1. Report, in deg cm²/dmol and to the nearest 500, the calculated mean residue ellipticity at 222 nm for chain A, where each DSSP H run with n ≥ 4 adds -39500 (n - 2.57) and the sum is divided by the residue count.
2. Which value, in debye to the nearest 20, gives the size of the charge dipole of segment B:291-341 about its Cα centre, when Lys and Arg are +1 and Asp and Glu are -1 at the Cβ?
3. In nm, to one decimal, how far is the A:Ser330 label point from the A:Gln240 one, both placed 7 Å along Cα→Cβ?
4. What lysines sit close enough to A:Lys302 to cross-link, taking a C-alpha to C-alpha distance under 26 Å and skipping anything fewer than 8 places away on the same chain?
5. Å³ per residue of the Cα convex hull, for segment B:305-378?
6. Kindly identify segment A:122-165 as rounded, prolate or oblate by the Cα gyration tensor criterion: order the square roots of the eigenvalues as a ≥ b ≥ c, call it rounded if a/c is under 1.5, otherwise compare a/b with b/c, prolate if a/b is larger, else oblate.
7. Once you sort the root eigenvalues of the Cα gyration tensor of segment B:244-378 as a ≥ b ≥ c, which label holds: rounded (a/c under 1.5), prolate (a/b larger than b/c) or oblate (the other case)?
8. Can you send over the solvent-accessible area of B:His96, 1.4 Å probe, protein chains only, in Å² to the nearest 10?
Amino acid sequence: MDAETTEPTAPDTATDHAPTRRAVIGWAGAGLALGAAAAGSVAAATMHEAAPAAAPGIDSTVDIPFYGDHQAGIATPVQDRLHFAAFDVTTKDREALVKMLKEWTKAAAAMTGGREVGTGATGGLPEAPPDDTGEALGLPASRLTLTVGFGPTLFEKDGTDRFGIKAKRPEALVDLPKFPGDRLEATRTGGDICVQACADDPQVAVHAIRNLARIGMGVVNVRWSQLGFGKTSSTTPEAQTPRNLMGFKDGTHNIAGTDAKALTDHVWVAPGDGQDWMTGGSYLVARRIRMTIETWDRTPLKEQEDIFGRSKLEGAPVGKQRERDTPDLSAMKEDAHVRLAHPDSNNGLMILRRGFSFTDGTDGLGRLDAGLFFLAYQRDTRKAFVPLQTKLAGNDALNEYITHVGSGHFACPPGVRKPGEWWGQALFG
Amino acid sequence: MPARRSTAATLLTLAVAGAALAGCSKKDDAASSDAVKVTASDSACEVAKTTFPAGAVELSVQNKGSKSTEVYVYAAGDKIVTERENIGPGTTVSIHAEIKAGEYEIACKPGMTGDGIRQKITVTGSADSAAKADPRLAAAVEAYRKYAQEQADATIPVVTQFAEAVKAGDAEKAKSLFAASRVGWERTEPIAESFGDIDPKTDTREDGLEAGQQWTGWHKIEKSLWADGAITDDDKKLADQLVTDLKDWQGRIAKAEITPTSMANGAKELLDEVSKNKITGEEDRYSHTDLSDFAANVDGAEKAFELLKPVAAEKDAALAKTLDTEFAAIKALLAKYKQGEAYTSYDKVTEPERKVFSDAVNSLGEPLSKLAAAVVVG
């Protein structure tokens, strides 16, 4: 067949003949993409004006590469939307699990490149259900990233070495302790495998999880999942730190995705840290933090600002003018959130945050079931989230308005470096 | 604009340029007798044929216009099947594609802009016609018809006894025969549903009734037996009607339209039934005999699979193996709930146990949805 009669495929998918979703949208779509790109440049330009030191603006039409030394979706710029899913592995067959992880990887590479899974949503046999569920047809990849992690129960559950990998369980993948105030719900906690899907379009993120769940039928099923919107942390040093549902900027001092030293020190697992298969990976803690926003909204402004240790409008630390002014921690109340969480109060300890807001209807008592879906990546959870949360859970003034209701801990392996490699290869291979 | 897209476009342009050069030096490019001629001009896009068979299609495009043009083949929703850009004035090029049966549009874009001048084309043929040529599949269809007939034949005496018990006012006996009277039907339900008119009369649940529709069939009697605790005169008439309707079903199986595809997808539909109505306990909400229906659905699906397996295993060995495993798993699970000839009452099956059933159904239903393609693919 002549070269010009085949669909253009990206170099990273020699074996994947699915059409690109962009090819599907045709010229009209190209126009839209151009429009979006143009809008992106304007935004970038504006941002540069406001903050000359800012990182380059984010162009939503440029895909985030799937292959690399580290998984995308950790240090890469945070997108606007989240669909997070924790899966239970239902099979006892190691081969079936490995086969699924290989298929997942292939599908993830396709979807993060804006391509359809397998033979696509309409390209297969008329007699068979399509390989791709199709709700992302015509949509660009929207900076989709898919990040996989393995939970403690994958290695050992009820004393059973389920897949012959018990000996490979990293010491840092601890069973998280019960923190004071935790009210964890079983239906939002745990999981053998997690996938974090982030994208600028919720439909794209949901499509990704749905297709992985479908590919995994018979091997895994969804234990719990969470939709998120409005990123509450940023990995790009932008002029504006996003606000959480309490209306505050939180995470001003988050680790920037471009700060190689901080990433090396605090996020990526280094050689010699423990299990070799985790080198280049990171540990993820996911917490569903319910906010009692109705009582928060009845709290006086001054008290709200005292609780955070920042001004509401500017986000400036107590006694300072600008958000990024160096905080004077001693000027804050003893139980102020920023004072307790700041690296200076914790021997320099830092975590990389990627949280999103959520609201999931009501709690049946006429209150919004809303809050923060907290995602934190770190090199060793025992030295990062655990001590930090122990401290916050016991002392943070914010605790009056928040409750941790869901929790997961996962070992996220290093990146898939090239086509043919697969998620978990070093663990299972 | 995304970098990859630009790169791909560049590669494409280069490839087209190369092919165009080759076209100049190679006179017989596009001269193949099977090629469908497309004559493009600045204001027209004439396609010599508008219907052609599925498979390898060659378009021979001659640009008689004054502007460079592009030719696209679009599937529904302007999905690009194949395309060729930059066809210069006065040149002739050929475009090759594998096209499946369906409706398409060919578009010429003089000046390489806009939606193009379009012509609808139809590509004919279906994978099922290839399947029909396989004698093993024809045999499978006949064996399945025979199975369906046997199921119906065996159902009539049981349902007759059930009706007699209802008419005699013997509620206990009627209850003991209820689940058994449904087994043959549940095993072959897609065939019954294909007739359209029988299923609404025999197997409708109360919440499935349309406005003005009289409720008849198994589930009305089920409600009287278990929920109301009283057999009415109306029920006695309905019992007779049930026997009449099922005899109608029994008599029509010989004429049912059955294909390898409908067998395979029918098997999948049986699992869909389980997934939709039985897992939730909605099907037999008064008698709680859902697991009996569930087991019958699985039996029927397995029968269809067993008959198609020789072909399926040849064309997709991995799928056949998966289905073997999953059928065995779901049957082992059901066996745990078997008590003599009957099954555990579904109201005694806990939520966590129902989740295990649900997982097993999904694990079987998903690969089963791929059986049709594995069987009929040419």
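The values are calculated or read from the model by the stated rules, or taken from the named source; none is laboratory data. Quick caveat: nothing in here was measured; it's all calculated off a predicted structure. Heads up, the Cβs are rebuilt from the backbone with ideal geometry, glycines too, and the neighbour counts pull from every protein chain shown. Side chains included, ligands, DNA and RNA excluded: accessible areas come from the protein's heavy atoms. Shrake-Rupley method; radii C 1.70, N 1.55, O 1.52, S 1.80 Å.
1. After summing the helix terms and dividing by the residues of chain A, the value is -7500 deg cm²/dmol.
2. The calculation lands at about 120 debye.
3. 3.6
4. A:Lys231, A:Lys249, A:Lys312, A:Lys320, A:Lys333, A:Lys391
5. Residue-normalised Cα hull volume stands at 91 Å³.
6. oblate
7. oblate
8. Spelled out: B:His96, probe radius 1.4 Å, area about 60 Å².
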